[in-house]
Amino acid sequence: MVGLNFDFAEIDAIINARSLAIVGASGKPFKFGSLFTASQLAFGFSGPLYLVNPGEREIMGHPCYPDLNSLPEVPDLVYVTIPAHRSLHILRECARLGVKGVVLLAAGFREIGEQGAELEAEAVSIARRGGFRIIGPNCFGIYNPRNRLTLLPGHDFSDSPGEVAFISQSGGFSAHVARMAGDLGIHFSAVVSYGNGADLNEADLLLYFSMDPATRVISGYLEGISDGRRFFAALKEAASHKDVVMWKVGKSESSSRAALSHTGSLSGASSLWEGLFRQCGVIEASGVEELCDVLLALKHLGRRPGKRVLISGGGGGLGAYAGDLAEAEGLEVPLLHGHTEARLREILDYPGSSVGNPLDIGTPLTHLPVFEAAIREAALNPTTDVLVFDLALNFAHGLFGDSGLEEAANILVRIRRDTGKPVVLVLYSRAVGLKDMAVEELSRRMRDRLLSGGVPVYPSMARAMRALSLVNT
């Protein structure tokens with residue numbers, strides 16, 4: 001990393017801060033200081049937490065201090081939740097005391113124009129002179145389950161540390177990804193909403209997580225970058241050590257305007273970004289759902305699990321449709337190996353079934369011993385890299401009930417474990433009425449069982465095939 005001007009310890013002292021102060025903490029509803037304070041108190045920071053507001057003596061049952069100077073110790077990290085125009089004197093106090101890092105939550109800096117840009121430049125200048133680093137401004141901060149630090153809306157995020165890092169210029173998307181991925185059993189080493197990136201930016205965070213031993217996958221949401229050469233070098237360095245998944249917006253004229261007004265970021269042409277990601281070996285995703293789909297595939301299947309898919313389920317139409325989707329995504333749907341085909345014809349010796357790839361077992365499920373024997377044989381097929389099974393839950397529920405479907409989930413987990421072959425389940429319900437809520441509850445129970453057993457679950461065949469295609473790039 002020669003020439004990248006990077007200090008791992010500086011950022012680590014912020015992300016893994018051992019003490020925290022919230023300036024502008026408040027008990028008044030709808031204020032940033034109140035929302036973040038409530039979120040952080042509920043999540044339970046692991047070290048000393050100090051609330052600072054000269055107008056309050058107690059907030060939410062916790063003592064409040066008039067200023068940073070009155071705290072019993074100098075905190076590692078200071079969250080500044082007051083408006084932008086009032087923040088500079090707090091930064092000067094941080095510089096004088098020797099804090100290690102500051103998170104500026106407020107908007108009203110570079111993204112609003114010249115006056116805000118001057119304010120932002122002065123904030124960075126104070127940090128440089130004072131020897132501390134800034135996350136933000138215009139951000140939601142840091143979620144780190146290792147020290148129980150959380151984002152502004154993250155009071156009920158998972159407290160289980162994981163191997164995925166997510167960096168985001170958007171505060172809202174940082175919360176959406178943390179929530180959705182967490183519900184899919186994807187746990188984080190940290191999520192950093194860095195907003196305008198006035199000081200620490202995307203390049204710094206990429207370099208940090210490329211060196212962080214707790215992180216295996218780095219993901220991110222980008223609107224634009226401040227230094228193209230440094231970003232390229234940092235991205236290339238990160239992708240040489242970890243799997244990297246990026247979601248880039250601002251490629252069109254309208255989204256580029258939105259990015260400039262949101263975080264003051266300059267974006268660029270679509271072809272330039274696609275070429276950059278391809279050159280660095282980065283997976284490019286689009287949208288919260290697709291990003292989480294890719295993270296789910298990486299968790300359970302790894303990078304490049306293979307492009308040869310065996311499609312199975314109950315019904316010829318779904319197999320034909322799935323085959324079209326697979327090949328449109330650059331995947332392969334090869335013929336069965338001769339021995340496998342012969343064995344499956346012995347197992348599925350009843351009308352309605354059709355042996356081949358796609359494999360039609362005749363109904364959404366069949367007798368469970370037959371189902372297990374057929375799917376196990378399909379997984380062991382030498383031309384299968386990944387087995388994809390399609391299950392229409394509301395259809396199968398009427399035939400097999402809760403217990404039968406839950407046992408089918410257990411069978412898929414066993415096959416995944418015993419054969420070592422990746423298994424993917426496409427699980428969905430075409431029933432959308434209130435009377436069908438029980439099927440939705442069953443779906444979530446099955447999903448949790450499958451995810452805990454190493455079988456990723458997708459709500460549609462299109463999303464499953466797209467995720468498989470992306471992790472094979």
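Where a number appears in this text, it was derived from the coordinates with a stated rule and is not lab data. Keep in mind it's a predicted model, so treat the numbers as computed, not measured. All Cβ positions, even for glycine, are placed from backbone atoms using ideal geometry, and neighbour counts span all protein chains on display.
Quote the charge dipole size of the chain about the Cα centre in Debye, to the nearest 20; the model charges only the Cβ of Lys and Arg (+1) and of Asp and Glu (-1).
About 520 debye.
Find, among the trypsin sites (Lys or Arg not before Pro) in the stretch 400-447, those assigned to loop by DSSP (not H, G, I, E, B) with at most 15 other beta-carbon atoms within 10 angstrom.
430
Need one number for the stretch 1-90: average projected area of the convex hull over its C-alpha atoms, nm².
The directionally averaged projection comes out at 7.3 nm².
In degrees from 0 to 90, rounded to the nearest 10, what is the angle of the helix 368-380 Cα long axis to the longest principal axis of the chain?
It is inclined by approximately 70 degrees.
Which one is right for this structure if volume of the Cα convex hull per residue in Å³ is calculated from it: (1) 156; (2) 141; (3) 196?
(1)
Estimate the FRET efficiency between residue 5 and residue 241 by the formula 1/(1 + (r/R0)^6), using the beta-carbon distance for r and 30 Å for R0, to the nearest 0.05.
0.95
At what distance in angstrom do the alpha carbon centres of the stretch 129-149 and the stretch 50-99 lie from each other?
Measuring centre to centre over Cα atoms gives 15 Å.
Under the 0.36 nm per residue contour assumption, what length would be gained going from the current alpha-carbon distance of residue 345 and residue 367 to full extension? Don't skip to the answer; put the middle values down first.
On the way: separation 22, 0.36 × 22 = 7.92 nm, distance 1.57 nm.
Here the segment from residue 345 to residue 367 would lengthen by 6.4 nm.
Of 106, 280, 457, which is farthest towards the positive pole of the chain's charge dipole, taken about the Cα centre with +1 and -1 on the beta-carbons of Lys, Arg and Asp, Glu respectively?
106
At a threshold of 8 angstrom on Cα-Cα distance, excluding pairs fewer than six apart, so keeping six or more, what relative contact order does the stretch 8-297 reach in percent?
15
Would you work out which of 401, 314, 132 lies farthest towards the positive end of the dipole of the chain? Charges go on Cβ: Lys and Arg +1, Asp and Glu -1.
Going by the charge dipole, the pick is 132.
Report, to the nearest 10°, how far helix 461-471 tilts away from the longest principal axis of the Cα atoms in the chain, using its own Cα long axis and a range of 0 to 90°.
The two axes meet at around 60 degrees.
Starting from the coordinates of the alpha-carbon atoms of the stretch 149-237, obtain the Kirkwood hydrodynamic radius over all distinct pairs and give the value in Å to one decimal.
On the way: mean 1/r = 0.0753 Å⁻¹.
In the stretch 149-237 this quantity evaluates to 13.3 Å.
To the nearest 0.05, what FRET efficiency results for residue 92 and residue 417 with a Förster distance of 60 Å applied to their C-beta separation?
Computed FRET efficiency for residue 92 and residue 417 comes out at 0.55.
Charges only on Cβ, +1 for Lys and Arg, -1 for Asp and Glu: so what's the dipole of the stretch 304-471 about the Cα centre, in debye to the nearest 20?
460
Per-residue ellipticity at 222 nm for the chain, helices alone: DSSP H runs ≥ 4 residues times -39500 (n - 2.57), over residue total, nearest 500 deg cm²/dmol? Present the calculation step by step, with values, prior to reporting the outcome.
Values: 16 runs with 208 residues, N = 473.
Value at 222 nm, helices only: -14000 deg cm²/dmol.
Tell me which of 42, 26, 55 sits at the most positive position along the dipole axis of the stretch 1-149, charges placed on C-beta atoms (Lys, Arg +1; Asp, Glu -1).
Farthest along the dipole direction, towards plus: 42.
Which trypsin sites (Lys or Arg not before Pro) in the stretch 120-216 sit in a loop by DSSP (not H, G, I, E or B) and have at most 16 other Cβ atoms within 10 Å of their own Cβ?
Values: sites: 128, 129, 133, 146, 148, 179, 216; in loops: 146, 148, 216.
Passing sites in the stretch 120-216 are 146.
Enter the angle in degrees (range 0 to 90, nearest 10) between the Cα long axis of helix 393-419 and the first principal axis of the Cα atoms of the chain, meaning the one along which they spread out most.
On a 0 to 90 degree scale, this one is about 80.
Greater than 31 Å separation of Cα atoms is the criterion. Which listed pairs, 100/242; 236/299; 299/435; 307/435; 31/242; 242/421, meet it?
The pairs that break the limit, which is 31 Å between Cα atoms, are 299/435; 307/435; 31/242.
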